[in-house]
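Okay, structure first, notes after.
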Amino acid sequence: MKRVPLLLAAALTVPLNLQAADALWLGAHAAPLGRPAVQTKNRPNILLIYADDLGYGDVGFNGATAVKTPNVDRLATEGLRFNNGYCSSSTCTPSRFSMLTGEYAFRQKGTGVLPGDAKLIIPTDRATLPSILKKAGYATGIVGKWHLGLGAGKEELDWNAEIKPGPREVGFEYSFIMAATGDRVPCVFIENQRIVGLEASDPIEVSYGKTPYPGEPNGVSERDQLKMDWSEGHNMAVVNGIGRIGYMKGGKAALWKDEDMADTFTRKGVEFIESHKDKPFFLYFATHDIHVPRVPNARFVGKTTMGPRGDAIVQFDACVGELLAALDRLHLSEDTLVIFTSDNGPVLDDGYKDDAVEKLGNHKPAGPFRGGKYSIYEGGTRMPFVVRWPGRVTPGVSEAIVSQVDFCASFAALAGLKLGPEDAPDSINVMPALLGDSRTGRDHVLMHSGIVAIRHGKWKNVPGRPAANGPNAPRARDEELYDLERDLSESTNVAAQHPDVAARLSKELDQLRARGE
């Protein structure tokens, strides 16, 4: 059955804020979050493909030639490619928090890069992207990387029992996840609150303390036997011949094999699509690739000249191809809105000796932009970003500024739901831009990497910092202003030439930091 969009006519010809969307778009079809909206069968499926550490320049449609990405390039050819698509932070946990909650992560303490045993950082009583869509009648699922914490309270999480709260408590009806990242323990998959393959006779213990479990191998004592050496950290527990962050013991039958991880996640993603083909679904497919440790399956090893990092990109692209093939096979492609993007900018050496630096060649992971993962510059937060919805979204290129923090408000509008005044406070309805009905999205966007910067139109302001006392105090930094129309690489600071612009953006940033937008 082909699904058609609701009320996507004149209301989409101009950019809308959330209040305007309530009045113009939703009309009588809007429903409060307390009950499902009507006509769920007419809404598109939503597939959000979220890469990990994949840079703007790591894909063919943004200029990569040393690595081939035919499947994401197909999305770009068949969909709308955004040159100004942003994540909210240059590291993974805060980007994911912002995307799923519609609130910039810097507003909440404890939303930095989390250890594998962290508690859930998303409050279970707030609206989230999956809970919004669930209340609109969607089947909701997550497959892949979580890294938003599990459990609550002060007691240590019992990994051998039900693991909650977690994805289910924030709106995902189905989940097949890793707790954190591939380089952090525990190195197991968790399906619907239970570790997959765990044997009661071999319980799991996890520790992020300084002392290894007695008798367990670690990356220091076993360094000469590792299949991939570490360059910094990543020398605690050894799982599958690779050093990790944190210690764990037990659960031998449940441990993942890195080489099979992408296949496992892809199979689970396809199974979710197959199981929900007859009703609208939202699948958040959060890959591990191309995060470290980069250990692609043997069939992808040597596919590029860039070593494991390049080969992991090829593997990621193949996973995208499997998902698209499933949509085609099930005749769901025209009924499915696909978004492809990444959580933060690229990084080369991120703790393992995998030749990412040595074999880079002429490849530019961040494309024309300065910086990457951990950076406040454009390479840290400007992402590859594509929206495909055949028959509804006209293929092409958009210069509209859009941010992942806007998914909550945008998809609420698409689903016919009215957000409450406390819901998704930083999220703006940019669905007209995402669907190509408007050439503009946001007029501004915030980005975070230790400090918070602002882009408004063509101008980007990075706040300065005065000198501080003390041996460990952060160094002073000058205020920076860049004209992104003329200087994509942020190589020329023009704050001194345009003090009025710098002052205006600095004031705007202070106002936005002080409140929800």
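The values are calculated or read from the model by the stated rules, or taken from the named source; none is laboratory data. Treat the numbers as computed from the prediction; the structure is a model and nothing was measured. Because the Cβ atoms are built from the backbone with ideal geometry, glycine has one as well, and the counts that use them run over all protein chains shown. Quick note on the areas: whole protein, heavy atoms, side chains included, nothing else; ligands and nucleic acids left out. Shrake-Rupley method; radii C 1.70, N 1.55, O 1.52, S 1.80 Å.
For the chain, state the semi-axes of the equivalent ellipsoid (square roots of 5 times the eigenvalues of the alpha-carbon gyration tensor), sorted largest first and rounded to whole angstrom. Please report the intermediate quantities before stating the final value.
Working: eigenvalues 223, 166, 108 Å².
They are 33, 29, 23 Å, listed largest first.
Leaving ligands, DNA and RNA out of it, report the carbon-plus-sulfur percent of the accessible area of the range 427-470 at a 1.4 Å probe. Kindly include the intermediate steps, with their values, before the conclusion.
Working: 790 of 1580 Å².
Heavy-atom surface of the range 427-470 belonging to carbon and sulfur, 1.4 Å probe: 50 percent.
Report the extension gain between residue 422 and residue 458 in nm, rounded to one decimal, defined as 0.36 nm multiplied by the number of residues separating them, less their alpha carbon distance. Can you show the working numbers first?
Numbers: separation 36, 0.36 × 36 = 12.96 nm, distance 3.02 nm.
Here the segment from residue 422 to residue 458 would lengthen by 9.9 nm.
Determine Rg/Rh for the range 434-517; Rg is computed over alpha-carbon atoms and Rh is the Kirkwood hydrodynamic estimate from the same atoms. Don't skip to the end; give the middle numbers.
Numbers: Rg = 14.7 Å, Rh = 14.2 Å.
Using only Cα positions, Rg/Rh for the range 434-517 is 1.03.
Quick one: putting +1 on the C-beta of Lys and Arg, -1 on the C-beta of Asp and Glu, what dipole do you get for the range 146-201 around its Cα centre, in Debye to the nearest 20?
Values: 5 positive and 9 negative charges, 24 e Å.
In total the dipole reaches around 120 debye.
Give, rounded to the nearest 20 debye, the magnitude of the charge dipole that the chain has about its Cα centre when Lys and Arg contribute +1 at Cβ and Asp and Glu contribute -1 at Cβ.
Numbers: 59 positive and 64 negative charges, 185 e Å.
Computed about the Cα centre, the dipole is about 880 debye.
Of the trypsin sites (Lys or Arg not before Pro) in the range 292-343, which ones lie in a loop per DSSP and count no more than 14 other C-beta atoms within 10 Å? Display every interim value, and only then the final one.
Working: sites: 294, 299, 303, 309, 329; in loops: 294, 303.
The qualifying sites: there are none.
Assuming 0.36 nm per residue, please report the length gained on full extension of the stretch residue 65 to residue 225 beyond their Cα-Cα distance. Each step should come with its number before you reach the end.
On the way: separation 160, 0.36 × 160 = 57.60 nm, distance 3.49 nm.
Fully extending the segment from residue 65 to residue 225 adds 54.1 nm.
Using Cα-Cα distances under 8 Å and only pairs 6 or more residues apart, what relative contact order does the chain have, in percent? Don't skip to the answer; put the middle values down first.
Values: 1235 pairs, mean separation 126.0, N = 517.
RCO, the chain: 24 percent.
List the lysines whose alpha-carbon lies under 24 Å from that of residue 359, not counting same-chain residues fewer than 8 positions away?
Here the lysines satisfying the reach criterion relative to residue 359 are 68, 227, 303, 373.
For the range 168-247, compute Rh as the Kirkwood radius over C-alpha pairs and then the Stokes-Einstein diffusion coefficient at 37 °C and 0.692 mPa s; write the answer in µm²/s, rounded to an integer. Please list the in-between numbers first.
Values: Rh = 13.9 Å.
Rounded to a whole number, D works out at 237 µm²/s.
Can you figure out the FRET efficiency of residue 322 with residue 394, using R₀ = 41 Å and their beta-carbon distance, to the nearest 0.05?
Values: r = 26 Å, r/R0 = 0.64.
FRET efficiency, residue 322 to residue 394: 0.95.
When the scattering of the range 315-407 is computed by the Debye formula from its Cα atoms alone, each counted once and equally, what is log10 I(q)/I(0) at q = 0.11, 0.19 Å⁻¹?
-0.46, -1.07
At a 10 angstrom cut-off on C-beta neighbours, averaged per residue, how do the peptides 464-471, 388-395, 162-169, 131-138 rank from highest to lowest? If you can, show how the numbers build up before the last one.
Numbers: 464-471: 8.5, 388-395: 17.2, 162-169: 20.2, 131-138: 23.1.
Answer by packing, highest mean first, reads 131-138, 162-169, 388-395, 464-471.
Can you give me the distance in nm between label points at residue 200 and residue 77, each placed 7 Å from the Cα along the Cα-to-Cβ direction?
With each label placed 7 Å out from Cα toward Cβ, I get 5.4 nm.
Which of the helices in the chain meet the span-like rule: DSSP H, Cα axial reach of 30 Å or more, Kyte-Doolittle mean at least 0.0?
On the way: long enough: 308-329 (31 Å, 0.36).
Span-like helices in the chain: 308-329.
Can you figure out the FRET efficiency of residue 331 with residue 252, using R₀ = 30 Å and their beta-carbon distance, to the nearest 0.05?
Here the calculated transfer efficiency is 0.10.
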